[in-house]
1. Given springs between every Cα pair under 10 Å in a Gaussian network model of the chain, which of Ala189, Ala109, Ala32 has the largest fluctuation?
2. Between Glu124 and Ala311, what length in nm is gained on full extension when 0.36 nm per residue of separation is reduced by their alpha carbon distance?
3. With r defined as the distance between the Cβ atoms of Val392 and Ala4 and R0 fixed at 35 Å, what FRET efficiency is calculated, to the nearest 0.05?
4. Quote the FRET efficiency, to the nearest 0.05, computed for Arg237 versus Thr83 with a Förster distance R0 of 22 Å and r equal to the Cβ-Cβ distance.
5. Looking at Thr266, Ala253, Ala232, which one has the Cα that reaches farthest to the positive end of the dipole of the stretch 232-278 (charges on Cβ: Lys, Arg +1; Asp, Glu -1)?
6. Considering only DSSP beta bridges with both partners in the stretch 169-278, what is the antiparallel share in %, to the nearest 5?
7. Please check: in the Gaussian network model of the chain (C-alpha springs, under 10 Å), which one of Asn90, Asn49, Asn285 has the largest mean-square fluctuation.
8. Taking every DSSP beta bridge with both residues inside the chain, roughly what % is antiparallel (nearest 5)?
Amino acid sequence: MDNAALLSIARQFGTPTFVFDELALAERMRGAKAIVGPDVHLCYSIKANPFLIPAMKKLTGLLEVCSPGELAICEQLHVAPETILFSGVNKTAADVRRAIDAGVRLFTAESPLHVRLLDEAARERGLVLPTLLRLTAGSQFGMDESDLRDILARRAEYPGLRIVGLHYFSGTQRKKLDSQRKELAMLEALMDDLKQSLGFVTERLEYGPGLYFPYFAHEDDSDTLAPLRELAPDLQRVAARTELTIEMGRFFASACGTYLTEVVDTKVNCGCGYAIVDGGIHHVNYLGGNMGMRVPRIEHLRGEAPRETEARDWTLCGSLCTTADVLVRKASFDSLTPGDVLAFRYIGAYSVTEGPALFLSRDMPRIVLHGASGDRLARDTVHASDLNCPRV
């Protein structure tokens, strides 16, 4: 979306507002599919941005759900349950039963407990559930290789499960693809060994490459699909030997989002220029989490002709009463004045749900979806005061 379209949305819907461009998202997903080819499947991890589910359910074959709340969102949006992968490190017996009863038929098991819970729930219902065993990358997620091997060695003890493959994800925003190549080689060697030692054939591999996305102004964003293009030959090699799905959220979603916030005050304190905006780190915590030291891509939107003034450095601060509410510590703009709109680009992933939205009882922003039929309000302002007020 160009600046004129964004300014029009700011004037129509007000600020602060998130804008998610479904047309740009569709173009990006088409590009990703063209790069990896038909033998590599795509899965969208909805924790990155649940407001993209209506578009993404048409663009990917699988949606990863990691909580009962995310499952409830999918149900409300009429996501086909057969396109859901129910994942997550915390699965209770009730969570598993609810998901099965909703029609979900593909699960990850992140621990021996998950294997038992899934098996029990499936047998109670006379089902056999396809299940992926998640291998840990050295964190709290997934299970140790020794546990994974033990489960596979005793897989006949779980008649409610058909263990179809492996799940592996080690992290996000990884620039050097050597790590992903080593992981894929490790997974290939593991699949070979499991077949030889345990007679287990890995039918499916769900892999999260955690590819890097260039959020900040100093980074090259001329080809944001470049990491996927570079890794594609390795992915295609693995896909030739098992059904491969790559699971991502941030890499798919980031480019399609913009955050609009209006300058409400400017001042110079102790020689430093400060601009106060009507948003803050409760809305764009991912960028603000860098303590404002890196400058995101920001467009300065004004309805009138540029003013004849020199540029100066500004510290961009939000509306929260904490010194931590700094979006950017040093960004150059010319003649920044109240009423101007700042458009933070590449905000399609995480920020809409990641910030401390209830702090100070500031309203949660509107969310606008830009699609083929124009701009539509996906969520109106949510009054945090309603959620923070005790009922006495």
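Just so it is clear, none of the values below were taken in a lab; they were calculated from the coordinates. Keep in mind the model is a prediction, meaning the values are calculated, not measured. FYI the Cβ positions are ideal-geometry reconstructions off the backbone, even for glycines, and counts take in every protein chain you see.
1. Maximum among the listed residues: Ala189.
2. Gain in length upon complete extension: 60.5 nm.
3. 0.10
4. 0.25
5. Of Thr266, Ala253, Ala232, it is Ala232.
6. Percentage antiparallel, nearest 5: 50.
7. Asn90
8. 45
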